[in-house]
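A short write-up of the structure that comes next.
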Amino acid sequence: MYKGLFFVLVLMASADLKGQTGMPAGFTDSSAQEELRKEKKFDELISRENIGMTIRDLSSVPHHVGSAGSKQVAEKIQQKFRDYGFNVHIDEYQVLFPQPKLRLLEMTSPQYYKALLKEPPLKEDGTSGQKDQLPTFNAWSADGNVRAELVYVNYGLQADYEELAKLGVDVKGKIVIARYGQSWRGIKPKIAQEHGALGCIIYSHPKDDGYYQGEVYPQGPFKNEFGVQRGSVMDMVVYPGDPLTPGVGATHDAKRYSSHLEAPNLLKIPVLPISYHDAKPLLEALSGPVAPESWRGALPITYHIGPGKSTVHLELQFDWKLVPCYDVIAMIKGSTYPDEWVMRGNHHDAWVNGAQDPISGQAAMLEEAKAMGELVKSGWKPKRTIVYCAWDAEEPALVGSTEWVEDHAGLLQKNTVVYINSDENGRGFLEAGGSHALENLVDEVAKDVKDPQTGVSIYERSKAHQVATAPSPLKAKAIMDKTHLHLEALGTGSDFSPFLQHLGIPSLNLGFSGEDQSGDYHSIYDSYDNYIRFIDPGFYYGEALAKTAGHISLRMLNADILPFDYRILVKEIKNYTSELQSLIASLRETTSINNEILKKKYLIIASDTSRPFFPPAAKQEVPFIDFSPLENAVASLDGAADHINELSVKKELTRTQADSLNQLLYHAEQELLLEQGLPLRPWYKHVLYAPGYYTGYSVKTLPGIREAIEQRNFQQAEIEIKRSARSIEKLADYLSAFKITH
Ligand SMILES: [Zn+2]
C-alpha cells in the first residue's frame, strides 16, 4: 500500500544528540516530539495503587502450573487484557510436571532425627496457611530410596570436590549435603551425581540466607529456621522446557519421549531442599575432618565433613504426570507494520503464592498493557504489533515460554523485532541485560525515567550505587567517568532464554533490586503481606518497571528506524575476546607454577603429618592458542557495523529503504546462531551468550570457547574459535551486503 510513497526521514544518531536535545534515537524531528508526548501520556496512565491491587489479587491463592489456582490466574489475566482492548487467547500445552507423592528424610545414626520438611503457617502472613500449597521439594529430582553415610560438600561446586579430594574424602556411594548459594541449584546435584553420590540434600544456610543477614520473618525479611527454597533442578543448561519434547512445542499430539527416564536433562539421583532447622541435626552429627574455614557457617556447631557414623535415609517418589500449561497471549495489531512484533513477557505461575516471584513483574506488565490499551482507545495507532505474553510453568524450567517459542519458531524469527522480559521485581536499582545492539535504547530510556525515591533518573541512581559500592576508589572513579548505561550479557533463569539463545531474537531483561533483601524466595512466605512490608511498600518500583519497559516498548513500536546499534555489539565482542586471551594466559601461568609446587613437593612437606593429605595430580601445561580467526572476524564486523550505522543516521531514506533497513536490523542477531549449537547442548545456538554448563544461571560469553578453556580442553577451544569466528563473519557479511537501492 505504501510502496512508492516517498517520505523523507532525517534521522539523528543518538550519539550526536545525547545530552543535547534528549531526542530518542530512530525518530525524525517531528516524530520524536510526538513520541515524547506519547510517553508522557503513558506515564500518567500508570497507577501504582492499581499495581498493588493486582499483586494482591493474583497472589491470593497458590498457583503453580497444573493447579486450579494457575488456571484461575490465567483466566483473570486473559480478562484483564480483554478489558484493556486486546485480542487475547490462551495457548494450552501438555507438559510434564512431577509432584511429590512421598518425601522422607531421616537420620538413622548416630541418633534418630526425622526432618519436618514443612514451613509452618504464621498469623502475620495471611496466605501462609492455605491448602493446595506445593510441599517443599526440588522439581525434577529422580525417584529414589537411598541409605548412606552423609558428606558435607560446602556449596557443592567443582572446586569443593577438589578440596575434598585433598582430604581424601570420596562421595561415591554417599549422600551429600550442600548449601544453597554460589551456583544455580541444579548444578549441585548434577556435580554430586557425576562424582558417584547416591543422593543430594540442599539446605538454606543462615549465613547466606537467614539470621546472620538480619531479623527473620515475620519480625524481619530474612529466612526463618523453617523456610525452604523450592526450585527446579532440571539440567536446564542442556535444554529447558518440557523434558519430553526437546525442540518442539508440547502440543497435545506432539512426539514425546515415552518416559521421563529417557530425557537426557533429568537427574538420576534423588534431591531434596531443606530448612536450616532440619539441616542442623544432620550437620551436627557429622564426624571426620573439620571443614576448611571458608566452608563453615553461622550454625552453632563445629563443621565436619564426614563421612562417619552419621547415616541418613532419603526416600522420594513423584507422580510424573502431564499437566495443562496456560500461556496467555494478547495482541494489538500494528497499523503500518502488522508483521513486525514488539513482544513483552512475564510469567504468571509461582511455586506457591508468588507475590514477588512472579506477580510483582506480572502486575507491572499488566499496568503497561492497560496504559497501551488506553492510548489506543484515545486514537493512537501503534505502527508495529504489540504482543503481551503471560507465561505459565516458568518455575519448573521456563516451560510455558519454551514450548510456545518452539511451537512458533519460524513465525517468531520472521516477525519478532524484540522480546522484552521481566520476572520478579524488587526495590532499588535498575538491572538491565540483553542484546548489546539495544544498549543505546535502554540507556536513553533509563535517563528519562525517574527513580521514585530520590527523583534522579534510574540511570543516575544505579550509577550512584555502583560508585558507592565500588571495591576501590580507582574503580569508583572509572564508573563516575562513564556516561553510558551498560547492558549485562544474559545467561538464563527466566523466559528470555528461548527467544535469545534458541532463536537469536534480540531480547532484554529488566527489573529493580538491591534494597529488597529477603528470604521469601520460592517459599510459602513469598506473599502479599511480606511484599508490602519488606519488598516494595507502596509499589513505587512496580511503577518504575512499568514505565521503563513501557517506554522501551513504545520506542520499538513507533521508531522510524529501529534503534539498533551494532557498533556496541562489536565493542563487547572485542572485550570478550580479550577476556579469553587473558584467561588462557593466566591459566598458563598458574598451571605452570602449581606444577612446579607439586614437583618440588612443597605441599607434602608443608602438610600436617597427623592428618591425611592427598596432593592433587599435576595438570597438563597450557598451550598457546591461535585467536586470529576470531580477531579477523571481529575486524570485519567492525567495518560492517560502521557501514550500517552510516546508513541508519543522517541519511535521507525513502519509506521503502527504511523498511528494508529495519528488516535487516532486527533479523541481524539471528546470523550469530551456530548451526549445530554449542557442544553437548545443541539447543543453545547463540555464539555469544549461554548459561554456564557448570554454573547455571550466570552467563558465559563466547561460551563454546570459554568453556573449552575452563575445562582445559584446549584442542576443542581451537575448534570453537574457528566456529565462533565463522558465525561472526556471517553477521559481518550480512550487514556489509546491505545496500540502499534507489
Ligand atoms: Zn520468576
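Summary of values
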| item | result |
| --- | --- |
| Label point distance in nm, E92-I604, each placed 7 Å from Cα along Cα→Cβ | 6.9 nm |
| Solvent-accessible surface (1.4 angstrom probe) belonging to E225, in square angstrom, nearest 10 | 80 Å² |
| Cβ-placed point charges (K, R +1; D, E -1), dipole of the chain about Cα centre in debye, nearest 20 | 720 debye |
| Tilt relative to the chain, helix 439-448 - C-alpha long axis, 0 to 90 degrees, to 10 | 80 degrees |
| Euclidean distance of C-alpha centroids, region 102-140 and region 391-452, integer Å | 34 Å |
| Stokes-Einstein D (µm²/s) once Rh is taken as the Kirkwood radius of region 389-548 over alpha-carbon pairs, at 20 °C in 1.002 mPa s | 125 µm²/s |
| Residue-averaged [θ]222 nm for the chain, counting only DSSP H segments that reach four residues, each worth -39500 (n - 2.57) | -11000 deg cm²/dmol |
| Relative contact order (%) - region 488-580, alpha-carbon pairs under 8 angstrom, separation at least six | 16 percent |
| Portion, in percent, of the accessible area of the chain that falls on carbon or sulfur, probe 1.4 Å | 53 percent |
| Tensor-based shape of region 464-532 (alpha-carbon gyration tensor, a/c under 1.5 rounded, otherwise prolate or oblate) | oblate |
| Ordering of 670-680, 305-315, 229-239, 105-115 by packing [mean C-beta count within 10 Å, highest first] | 229-239, 305-315, 670-680, 105-115 |
| Crossing angle, helix 29-44 versus the chain [Cα axis fit, 0-90 degrees, rounded to tens] | 50 degrees |
| For region 455-524 and region 638-710, distance of Cα centres in Å | 21 Å |
| Accessible surface ranking that places the most exposed of H667, H486 first, with a 1.4 angstrom probe | H486, H667 |
| 10 Å beta-carbon shell around R256, net charge (K/R +1, D/E -1) | -2 |
| Candidate residues V622, V216: accessible-area rank, largest first, probe 1.4 Å | V216, V622 |
| With Cα atoms, 0 to 90° folded angle of helix 655-667 axis to the chain main axis | 0 degrees |
| Environment charge of T302, counting only residues whose C-beta is closer than 9 Å and scoring Lys/Arg +1, Asp/Glu -1 | 0 |
| Whole-Å distance, taken between Cα centres, linking region 21-98 and region 177-249 | 30 Å |
| Virtual spin-label span in nm between T741 and K722, 7 Å along Cα→Cβ | 3.6 nm |
| W184 accessible area, 1.4 Å probe, all protein chains in place, Å² to nearest 10 | 10 Å² |
| Average projected area [Cα convex hull, the chain], square nanometres | 31.8 nm² |
| Share of Cα-Cα pairs in region 601-721 lying beyond 20 Å, as whole percent | 63 percent |
| Estimated Rh, region 163-286: Kirkwood, alpha-carbon pairs, angstrom | 16.6 Å |
| Base-10 log of normalised Debye intensity for region 247-320 (one unit scatterer per alpha-carbon) at q = 0.21 Å⁻¹ | -1.02 |
| Heavy atoms of Y602 accessible to a 1.4 Å probe, total area in Å² rounded to 10 | 130 Å² |
| Total charge dipole magnitude, region 91-249, about the Cα centre, Cβ charges on Lys, Arg, Asp, Glu only, Debye to nearest 20 | 440 debye |
| Integer Hz, Karplus 6.51/-1.76/1.60 couplings in order for region 101-106, x for Gly and Pro | 9, 9, 9, 9, 9, 9 |
| For G511, distant residues with modelled amide H under 5 Å away | E431 |
| Per-pair calculated FRET efficiency, R0 = 45 Å: L583 and E225 via Cβ, rounded to 0.05 | 0.65 |
| For region 208-249: accessible area per residue (Å², 1.4 Å) | 30 Å² |
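The values are calculated or read from the model by the stated rules, or taken from the named source; none is laboratory data. Not measured: the values here are computed from a predicted model. Neighbour counts are summed over all protein chains in view; Cβ atoms, including those assigned to glycine, are modelled from backbone coordinates with ideal geometry. Ligands, DNA and RNA are excluded from the accessible area calculation, which covers all protein heavy atoms including side chains. Shrake-Rupley method; radii C 1.70, N 1.55, O 1.52, S 1.80 Å.
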